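Since the structure comes first, as structure tokens, the remarks are kept for the end.
Read-outs: derived from the displayed coordinates by stated rules, not from any lab. The shown structure was predicted, so the numbers you read here are calculated from the model rather than taken from an experiment. Cβ placement follows ideal geometry from the backbone for every residue including glycine, while neighbour counts extend to all protein chains displayed.
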Amino acid sequence: MNPRMKRVVKAEEGEVYDIELDAEILEANRRIAEENRSLLRRYNVTAIDVMGSTGTGKTTLIAGMIRLLKGRYRIAVMKGDLTTTIDAEAISRYDVDVVPINTGKECHLDANLVRKALRTLKLEDLDLIFIENVGNLICPAEFPLGSEKRVVVVSVTEGPYMIVKHPFIFMDADVIVINKIDLAEAMGVEVDKLRMDAETINPRAKVVQTNCRSGEGVGEVVKALGLM
Ligand SMILES: Nc1nc2c(ncn2[C@@H]2O[C@H](COP(=O)(O)OP(=O)(O)OP(=O)(O)O)[C@@H](O)[C@H]2O)c(=O)[nH]1
Ligand SMILES: [Mg+2]
């Protein structure tokens, strides 16, 4: 180790007040998430979380999946963003219902917001809901929403260490998407190394490489989710 490196300063439990979440809040969220899950199951609707940092390609992936699945499923989308509806408007062009959810300052969706959004949809007319979370790799991990499966999208443009630096969100993923592989060489990022990191952190997850812009690999994501 470089001798100029000093010892790691570690936060004790409860010390970082802004970050350490109240156990009661998490428990309340978990309860509502379970209610959402039961409601969705009653209507036979599958909800899928799509999470990942800002700009990794979540919306582009959802658009690609809609293109592949529209003939087969009745689809709606929820889109969490701080204040804008840009993504929601983009997705609505695919002729599916879209519920924009604005979180204000919050860096993640929670089960209560999703419950409110579910009330605006006719669940009996749906088979599948994609829920695009706010772009963030930390906060959404702690807030289950009631969905059946979780997709986490990482892209090569964020550099080589996104997975090892943010293990928690990847540990819970059912499918890990490594996107923008068309830019890997230009970014000097090894896709195989990212794949290895994903497989090491979560051996249970299916790992898929994509270029969501061209559509390459999107069919594999859909298959990994058991939708095709
Ligand atoms: N070259 C390349 N560009 C991509 C790919 N996927 C997405 N993009 C581009 O990356 C930009 C961001 O994509 P989005 O799908 O909006 O990303 P996002 O994760 O939804 O972003 P936020 O919702 O803002 O967090 C857009 O300009 C996309 O066209 C890809 O595989 N290759
Ligand atoms: Mg988006």
The answer for the per residue Cα convex hull volume of region 128-214, in Å³, is 98
For LYS193, the lysines lying under 20 Å Cα to Cα, once residues fewer than eight places off in the same chain are dropped, come out as LYS165, LYS180, LYS206
Region 23-224: relative contact order from alpha carbon pairs under 8 Å, six or more residues apart, as a whole percent, is 26
Note: probe point = Cα of MET187 + 7 Å toward Cβ; backbone nitrogen < 19 Å; residues of region 137-158 passing the test are 137-138, 151-158
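Could you work out the relative contact order of region 107-228? I mean the mean sequence separation of Cα pairs under 8 Å and 6+ apart, divided by the number of residues, in percent.
Reported as a whole number, the value is 22 percent.
Count the DSSP beta bridges whose two residues both fall in region 23-224, then state the antiparallel fraction as a percent rounded to the nearest 5.
If we restrict to bridges inside region 23-224, about 5 percent are antiparallel.
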Long-range amide H partners of SER53, meaning residues 5 or more apart or on another chain whose placed amide H is closer than 5 Å, are ASN136
For region 31-139 the mean separation of alpha carbon contacts under 8 Å (6+ apart) over residue count, i.e. relative contact order in percent, is 43
Of all chymotrypsin sites (Phe, Trp or Tyr not before Pro) in region 144-193, the ones in DSSP coil with at most 16 other Cβ atoms within 10 Å are TYR161
With only helices counted (DSSP H, runs n ≥ 4, each -39500 (n - 2.57)), the per-residue ellipticity at 222 nm for the chain, to the nearest 500, works out to -9500 deg cm²/dmol
Non-local residues with an amide H under 5 Å from the amide H of GLU216, with H modelled 1.01 Å from N and Pro and chain starts lacking one, are ASN211
CYS107 and LYS6 label points (each 7 Å along its Cα→Cβ direction) are spaced in nm at 2.4
With a Förster distance of 25 angstrom and the Cβ-Cβ distance between ALA90 and LEU123, calculated FRET efficiency to the nearest 0.05 equals 0.60
At 4 °C in a medium of viscosity 1.567 mPa s, region 23-224 has a Stokes-Einstein diffusion coefficient, with Rh taken as the Kirkwood radius over alpha carbon pairs, in µm² per second, of 77
